[in-house]
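J.: First the structure, then my questions, so here it is.
The values are calculated or read from the model by the stated rules, or taken from the named source; none is laboratory data. Here the structure is a predicted model, which is why all the values come from computation and not from measurement. Note: ideal-geometry Cβ built from the backbone for every residue, glycine included; neighbour counts use all protein chains shown.
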Ligand code: NAD
């Protein structure tokens with residue numbers, strides 16, 4: 001497969017009530033390959049009526065699904081995971097074409113989603129109640145009551161992984177799901193719809209596609225959708241909370257980050273620099289990852305060594321065709337996003353940061369939304385590139401030597417998703433881990449999360465925890481029942 005060789009992807013239906021359907025008004029959106037800038041397919045642009053049909057179907061089947069023994073729900077989820085494994089290469093190829101994400105990392109995403117689904121299948125039985133001591137003449141117990149429908153709205157950056165893996169917890173909990181992928185990268189979701197059409201009872205797992213402003217807004221505002229689980233940007237998360245406020249919806253949010261990495265003077269500068277490239281998700285995601293550590297605070301004593309190793313590592317990354325197995329970085333996902341990243345790079349230059357590496361279109365890649373892996377040094381917290389989430393292949397190095405100043409700067413004013421700390425002094429590391437006001441911290445590693453470790457942001461990075469028992473239980477409510485003997 002060469003870069004110019006675009007395969008056309010057939011128009012596929014959304015999955016609503018067990019049927020593959022187009023938008024009721026025939027509306028479609030184009031799917032563009034960000035490597036070739038050519039339209040390679042189309043996706044249904046769901047209307048509010050389509051959303052309404054999915055909601056009605058989910059509500060209709062909710063009693064049957066919540067009443068299905070958890071072992072049976074778990075067995076179906078394991079089959080769901082098997083479907084992903086069996087179709088891994090095809091799904092990964094679709095994402096590599098549609099999103100520009102390197103194919104090897106998309107295969108890993110399919111495997112990661114299958115693992116997430118199996119994890120939730122394994123803990124589905126945790127949706128249990130308890131008895132509460134209430135005296136000799138009473139019995140009090142609690143019962144887990146799944147929501148009758150869950151909206152699962154996800155972003156563009158991990159297309160197949162999010163549309164499949166992020167549905168698992170609610171399905172395991174006994175709640176029917178209506179999932180919606182990012183409109184820029186929906187082709188794998190539509191193929192998934194075909195693959196799982198007959199797996200669950202009709203209406204249990206619905207997949208709708210289309211624009212955020214129409215399909216996403218109709219889904220999150222629908223009066224019969226009491227539970228909305230959203231992954232995406234802060235402004236959209238805020239809109240979704242607003243849309244749910246009148247009906248007092250249970251909203252959980254996985255939002256953006258502007259995450260710090262702190263490198264102490266006793267750290268191995270070279271090792272930390274290589275880790276900073278991994279933790280920024282340059283390879284595999286082109287920095288389009290919420291947990292990326294885009295603000296790296298390096299102690300002045302080791303800054304020069306750190307920057308030299310960082311630049312060396314960035315220069316080794318292979319930027320090019322995402323369909324090739326050995327490609328580290330493809331293009332960013334779509335034109336609007338490319339233009340945004342380019343604007344941020346320019347703002348870094350204009351505001352006085354030093355471009356240590358990259359910042360341009362890679363040589364020889366004249367088509368496609370390619371940007372070199374980019375590192376700025378001499379960044380200060382008043383610069384736009386230190387303040388705003390770029391969600392692209394751009395890292396900022398800020399140097400420090402005053403510990404109190406570091407403490408003042410390390411927490412972003414609004415965002416608190418992840419943090420990463422490098423030191424050999426464990427007390428120092430744990431003190432900094434307590435100080436960083438974020439939901440997930442890595443010490444001396446690149447943040448590879450073990451299955452089951454709760455993930456989710458503090459402050460404007462979100463509400464709620466995912467990939468954990470907490471997520472499973474968030475798709476239901478506890479009902480207490482007291483019986484007087
Ligand atoms: P986005 O907010 O633009 O879109 C996310 C989803 O919301 C898409 O499906 C979109 O169609 C839909 N949407 C848009 N407007 C809507 C509305 N008014 N009502 C309902 N739905 C609507 O985000 P994006 O640009 O696709 O993704 C990038 C953002 O996602 C970044 O900020 C990134 O940090 C964040 N993210 C967070 C996590 C996490 O786990 N915390 C993971 C991945 C990405």
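J.: Counting only residues that are farther than 30 Å from residue 88 by Cα and away from the ligand (no atom under 11 Å from the Cβ), how many does segment 183-224 have?
T.: Final tally of qualifying residues: 2.
J.: Then there is this: In segment 240-260, which residues are in a helix (DSSP H, G or I) and crowded, with 19+ Cβ neighbours inside 10 Å?
T.: Hits for segment 240-260 are 240, 243, 244.
J.: Follow-up question, since we're still on this one. Checking the conditions here, which among 441, 426 is within 16 Å of the ligand (Cβ to nearest atom) and surrounded by fewer than 20 Cβ atoms within 10 Å (Cβ to Cβ)?
T.: The match here is 441.
J.: Write out, first by first residue and then by second, each pair whose Cβ atoms fall under 8 Å of each other, whose residues are 6+ apart or on separate chains, and whose first residue, in segment 180-206, is under 16 Å from residue 216 (Cβ atoms) while the second is assigned to a helix (DSSP H, G or I) and away from the ligand (no atom under 16 Å from the Cβ).
T.: So the pair list comes out as 206/57; 206/58.
J.: What is the residue count in segment 232-263 for residues that are more than 6 Å from the ligand (Cβ to nearest atom) and in contact with a strand residue (DSSP E or B) (Cβ under 6 Å, 6 or more places away or on another chain)? I'd like the intermediate steps shown before the answer.
T.: Just the residues of segment 232-263 that are more than 6 Å from the ligand (Cβ to nearest atom), to begin with: 234-235, 237-238, 241-253, 258-263.
Filter once more, keeping what is in contact with a strand residue (DSSP E or B) (Cβ under 6 Å, 6 or more places away or on another chain): 237, 241, 244, 249-253, 258-263.
Residues meeting the conditions: 14.
J.: So, one more: In segment 294-311, is there at least one residue being assigned by TED's automatic domain parsing to the domain that holds residue 413, in contact (Cβ under 8 Å) with a residue 12 or more places away in the chain and closer than 16 Å to residue 363 by Cα?
T.: no
J.: Can you tell me which of 71, 35 is in contact with a helix residue (DSSP H, G or I) (Cβ under 8 Å, 6 or more places away or on another chain) and either outside any helix (DSSP H, G or I) or surrounded by 21 or more Cβ atoms within 10 Å (Cβ to Cβ) (or both)?
T.: One residue alone meets the criteria, 35.
J.: Would you confirm, using the coordinates I've provided, whether residue 368 is at pLDDT 95 or above, touching a strand residue (DSSP E or B) at 6+ places or on another chain (Cβ under 6 Å), surrounded by 16 or more Cβ atoms within 10 Å (Cβ to Cβ) and assigned by TED's automatic domain parsing to the domain that holds residue 409?
T.: Against the criterion (at pLDDT 95 or above, touching a strand residue (DSSP E or B) at 6+ places or on another chain (Cβ under 6 Å), surrounded by 16 or more Cβ atoms within 10 Å (Cβ to Cβ) and assigned by TED's automatic domain parsing to the domain that holds residue 409), residue 368 does not qualify.
J.: Residue by residue through segment 462-473, note down the ones that are more than 12 Å from the ligand (Cβ to nearest atom) and either surrounded by fewer than 22 Cβ atoms within 10 Å (Cβ to Cβ) or under 15 Å from residue 112 (Cβ atoms) (or both). Step through it out loud before you land on a result.
T.: Narrowing segment 462-473 to residues more than 12 Å from the ligand (Cβ to nearest atom): 468-470, 472-473.
Of everything in segment 462-473, those that are more than 12 Å from the ligand (Cβ to nearest atom) and either surrounded by fewer than 22 Cβ atoms within 10 Å (Cβ to Cβ) or under 15 Å from residue 112 (Cβ atoms) (or both) turn out to be 468, 469, 470, 473.
J.: Still on this structure, I have one more. How many residues are surrounded by fewer than 21 Cβ atoms within 10 Å (Cβ to Cβ) and part of a loop (DSSP other than H, G, I, E, B) when one looks only at segment 112-155?
T.: 8
J.: Continuing with the same structure: Any residue in segment 350-368 that's farther than 17 Å from residue 296 by Cβ: show its pairings with residues that are surrounded by 14 or more Cβ atoms within 10 Å (Cβ to Cβ) and at pLDDT below 95 at Cβ separation under 8 Å, as long as the two are six or more apart or on different chains.
T.: 367/3; 368/3
J.: Let me spell it out: the conditions are (1) out of contact with any strand residue (DSSP E or B) (no Cβ under 6 Å at 6 or more places or on another chain); (2) without any contact (Cβ under 8 Å) to a residue 24 or more places away in the chain, and residue 269 meets all of them except one. Which number is the exception?
T.: (2)
J.: So the check is Cβ under 8 Å with 6+ separation or different chains; which pairs have a first residue in segment 140-166 that's assigned by TED's automatic domain parsing to the domain that holds residue 60 and a second one that's modelled with pLDDT under 95 and within 16 Å of the ligand (Cβ to nearest atom)?
T.: none
J.: How many of the residues making up segment 385-406 are over 21 Å from the mean Cα position of the chain (by Cα), surrounded by fewer than 19 Cβ atoms within 10 Å (Cβ to Cβ) and within 16 Å of the ligand (Cβ to nearest atom)?
T.: Here the count works out to 0.
J.: Okay, moving on. Go through segment 452-461 and report how many residues are within 15 Å of the ligand (Cβ to nearest atom) and in a loop (DSSP other than H, G, I, E, B).
T.: Residues flagged as within 15 Å of the ligand (Cβ to nearest atom) and in a loop (DSSP other than H, G, I, E, B) within segment 452-461 amount to 6.
J.: Turning to a different aspect of this structure: Only residues that are touching a residue at least 40 places away in the same chain (Cβ under 8 Å) and within 23 Å of residue 201 (Cβ to Cβ): list them for segment 30-55, please. Break it down stepwise before answering.
T.: Within segment 30-55, the subset touching a residue at least 40 places away in the same chain (Cβ under 8 Å) is 31-37, 40-41, 43-48, 50-52, 54-55.
Once the filter is applied, which keeps residues that are touching a residue at least 40 places away in the same chain (Cβ under 8 Å) and within 23 Å of residue 201 (Cβ to Cβ), segment 30-55 yields 44, 46, 50, 51, 52, 54, 55.
J.: Still on this structure, I have one more. Does residue 449 satisfy the criteria of being part of a loop (DSSP other than H, G, I, E, B) and modelled with pLDDT of 95 or more?
T.: Against the criterion (part of a loop (DSSP other than H, G, I, E, B) and modelled with pLDDT of 95 or more), residue 449 does not qualify.
J.: Still on this structure: Kindly check whether there is at least one residue in segment 272-285 that is within 11 Å of the ligand (Cβ to nearest atom) and either without any contact (Cβ under 8 Å) to a residue 40 or more places away in the chain or touching a helix residue (DSSP H, G or I) at 6+ places or on another chain (Cβ under 9 Å) (or both).
T.: Among the residues of segment 272-285, at least one is within 11 Å of the ligand (Cβ to nearest atom) and either without any contact (Cβ under 8 Å) to a residue 40 or more places away in the chain or touching a helix residue (DSSP H, G or I) at 6+ places or on another chain (Cβ under 9 Å) (or both), which makes the answer yes.
J.: Then there is this: With within 16 Å of the ligand (Cβ to nearest atom) and farther than 19 Å from residue 391 by Cβ as the only criterion, which of 139, 149, 145 stands out? Show your work before the answer.
T.: On the way: 139 fails: within 16 Å of the ligand (Cβ to nearest atom); 145 fails: within 16 Å of the ligand (Cβ to nearest atom).
Testing whether each residue is within 16 Å of the ligand (Cβ to nearest atom) and farther than 19 Å from residue 391 by Cβ leaves just 149.
J.: List the residue pairs whose Cβ atoms are under 9 Å apart, where the first residue sits in segment 230-241 and is free of Cβ contacts under 8 Å to residues at least 12 places away in the same chain, the second is within 7 Å of the ligand (Cβ to nearest atom), and the two are 6 or more positions apart or on different chains.
T.: Correct list of pairs: 238/255.
J.: So, one more: Before we move on, is residue 300 more than 16 Å from the ligand (Cβ to nearest atom) and surrounded by fewer than 21 Cβ atoms within 10 Å (Cβ to Cβ)? Before you say what the answer is, go through the steps one by one.
T.: Details: more than 16 Å from the ligand (Cβ to nearest atom): yes; surrounded by fewer than 21 Cβ atoms within 10 Å (Cβ to Cβ): yes.
In short, yes.
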